Amino acid sequence: MSVVTRIAPSPTGRLHVGNIRTALHNYLFARKHGGTFLLRIDDTDRERSTAEFDQAISDDLDWMGLNPDRMVRQSARFDLYEREFQRLKDTGRVYACYETPEELEVRRKVLLGRGLPPVYERKDPGSPAPEGRAPHWRFKLDHDAPIVFNDLIRGPQRFDPKLLSDPVVRREDGSWLYLLPSVIDDVDLGVTHIVRGEDHVSNSAAQIQMFEALGAKPPEFAHEALLVAAEGKLSKRLGSYGAEHLRAEGVEPMAMLSVLARIGTSQPVEPAATLEELAAGFDFSTFGRAPAHFDPKEVELINARLLHKLDYAAVADRLPDAATEEDWLLLRPNLERVSDFPEWYAVLRGEVDPPELSHEERLLVKDAAMLAEKIEWSAEPWKALTGELKESSGKKGRELFHPLRLALTGRESGPEMAGLVERMGRERAVKRLEAAARR
């Protein structure tokens, strides 16, 4: 069996970290098994769906490298839904209902008050339709046997259909709710595995009967624990944290994907350079049942670790034109984002403001400027400079190195000075030392 997975976002907003995680897991599972990853745009809500969000979803997936093998839109599939809906009507598996939301809420409260489950109570099929009221439509669950399936994450699942309400599948105005069109699509597109959040487990129970009513074998299900913010619950901030935010912050997509692939599993979170690397280790058996705690700070840390391993070729098109591979290898250990590179590149090739030094420190860098004119620059100039200066001044440790770093880079800390000094060149180093000595 060839694996087929899918994601089904609605173009009513941007992808956020929760549905990015779902997309990633579907993508990784398909890629690991040499299967197919589908994108289905659920744009049946014509009032809220927009072309801008539709395009944004594709752009975000492309930026993250989660490119689907095929894309369909539900708005182009209404004829298929109508045909399958009629087939279910003909077999009595969908039926018309006429209660208003207010009437349903009153009945729900009555049932709860009696200590009974608030399950929809079917009416006599022969009951007359209220005059002037259009029906909504429900799928009729089969109450004769329990619904059982083996979840790839949660293990064996069992539902008593008598404790589930017959789900509404179509509204009074003829528009579709999520459950039935999704099943029709999954049958038509050959979806073999549905990977989604655990809040859909009861939906899956109802949908299994829909698959069977349509004469199709239900796919396998993997319901993963929900993503929560580090402080405990999904916050508004986390709900808006996604690809758009990351791009604005200059975070590498693989940093976030490395985190989302592993949190909530027994595997350690490590920076991965490619999706292929993540796919190779993807395994539902490592997923836990506890909520997956997501902390944006962890993405920042993984981003820095990822950058420190990235080859020049992976970032060359985002660096200043004159930057070389040697420049990248020298500066990358000190970067948190690629966007930090130009600031440090200016230390090598640009200008720095002379720092404020004490009188004694200015004398030290003045001597350093004179020594820098004389030493051999092609053979470890930093070692030669500090060695001679240590001998002539009697200073060592921070007392020696800190004023020199400030004078040469304008910063309190940074990459190893040996590489910086060699790359900036004698002329620039002498000029900076002299400027710091004069201030």
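The values are calculated or read from the model by the stated rules, or taken from the named source; none is laboratory data. Keep in mind that this is a model prediction, so the values were computed, not measured. FYI the Cβ positions are ideal-geometry reconstructions off the backbone, even for glycines, and counts take in every protein chain you see. The area values use the complete protein model at the heavy-atom level, side chains included, leaving out ligands, DNA and RNA. Shrake-Rupley method; radii C 1.70, N 1.55, O 1.52, S 1.80 Å.
Label zone of ARG349 (point 7 Å out along Cα→Cβ, amide N under 20 Å): in region 408-429 this covers 408-411, 415-429. Counted residue by residue at 0.36 nm each, then reduced by the alpha carbon distance between them, the extension gain from GLU300 to MET370 reaches 21.0 nm. Full extension of the segment from ARG114 to ARG171, taken as 0.36 nm per residue of separation minus the current Cα-Cα distance, would add 17.6 nm. Spin-label pair ASP283-GLU380: with each label point 7 Å from Cα along the Cα-Cβ axis, the two points sit 4.7 nm from one another.
Could you calculate the FRET efficiency of GLU249 with GLU360 from 1/(1 + (r/R0)^6), where r is the beta carbon distance between them and R0 is 51 Å, rounded to 0.05? Between GLU249 and GLU360 the formula returns 0.75. Dipole orientation for the chain: of the candidates LEU227, VAL183, ASN334, LEU227 has the Cα lying most toward the positive pole (charges on Cβ; Lys, Arg +1; Asp, Glu -1).
Among the protein heavy atoms of the chain, carbon and sulfur supply 49% of the accessible surface, probe 1.4 Å, non-protein parts ignored. Rounded to the nearest 5, the antiparallel percentage of DSSP beta bridges internal to the chain is 45%.
Between the alpha-carbon centres of region 72-131 and region 313-363 there is a gap of 65 Å. Relative to one another, the C-alpha centroids of region 144-176 and region 15-63 are positioned 24 Å apart. The aspartates and glutamates within cross-link reach of LYS374, meaning a Cα-to-Cα straight distance under 20 Å and a gap of 8 or more places when in the same chain, are GLU388, GLU391, GLU422, GLU427, GLU434.
Can you pick out the pairs among LYS123/LYS162; LYS366/LYS431; LYS395/LYS431; LYS32/LYS217 whose Cα atoms lie more than 20 Å from each other? In this structure, LYS395/LYS431; LYS32/LYS217 exceed 20 Å between Cα atoms. For the chain, the residue among HIS308, GLN55, GLY115 whose Cα projects farthest onto the positive side of the dipole built from Cβ charges is GLY115.
Classify region 248-294 as rounded, prolate or oblate, taking a ≥ b ≥ c as the square roots of the eigenvalues of its Cα gyration tensor: rounded when a/c is under 1.5, otherwise prolate if a/b is larger than b/c and oblate if not. In terms of gyration-tensor shape, oblate. If we count every other residue with Cβ under 13 angstrom of LEU319's Cβ, Lys/Arg +1 and Asp/Glu -1, where does the sum land? Here the charged neighbours net out to -4. Peptide packing: for 371-377, 158-164, 28-34, 430-436, the average count of neighbouring Cβ atoms within 10 Å per residue gives the ranking 430-436, 28-34, 371-377, 158-164, highest mean first. Overall, region 324-435 carries a charge dipole of about 160 debye about its Cα centre when +1 sits on the Cβ of Lys and Arg and -1 on the Cβ of Asp and Glu, all other atoms neutral. The residues of the chain have, on average, 50 Å² of accessible surface per residue, using a 1.4 Å probe with all protein chains present. Taken along the Cα-to-beta-carbon direction at a fixed 7 Å, the label points for LEU80 and LYS162 span 3.7 nm.
Annotation: lysines with alpha-carbon distance below 21 angstrom to LYS297 (same-chain offsets under eight excluded): LYS233, LYS236, LYS309.
Of the labelled figures (i) 4, 17, 21, 18, 13, 10, 7, 6, 4, 1, 0; (ii) 4, 16, 22, 25, 19, 9, 4, 2, 1, 0; (iii) 4, 14, 18, 17, 15, 11, 8, 7, 5, 1, 0, only one reflects P(r) over Cα pairs in 10 Å bins from 0, in percent as derived from the coordinates, namely (i). Taking 14 Å as the straight-line reach from the Cα of LYS109, the aspartates and glutamates in range (excluding those fewer than 8 positions away in the same chain) are GLU121.
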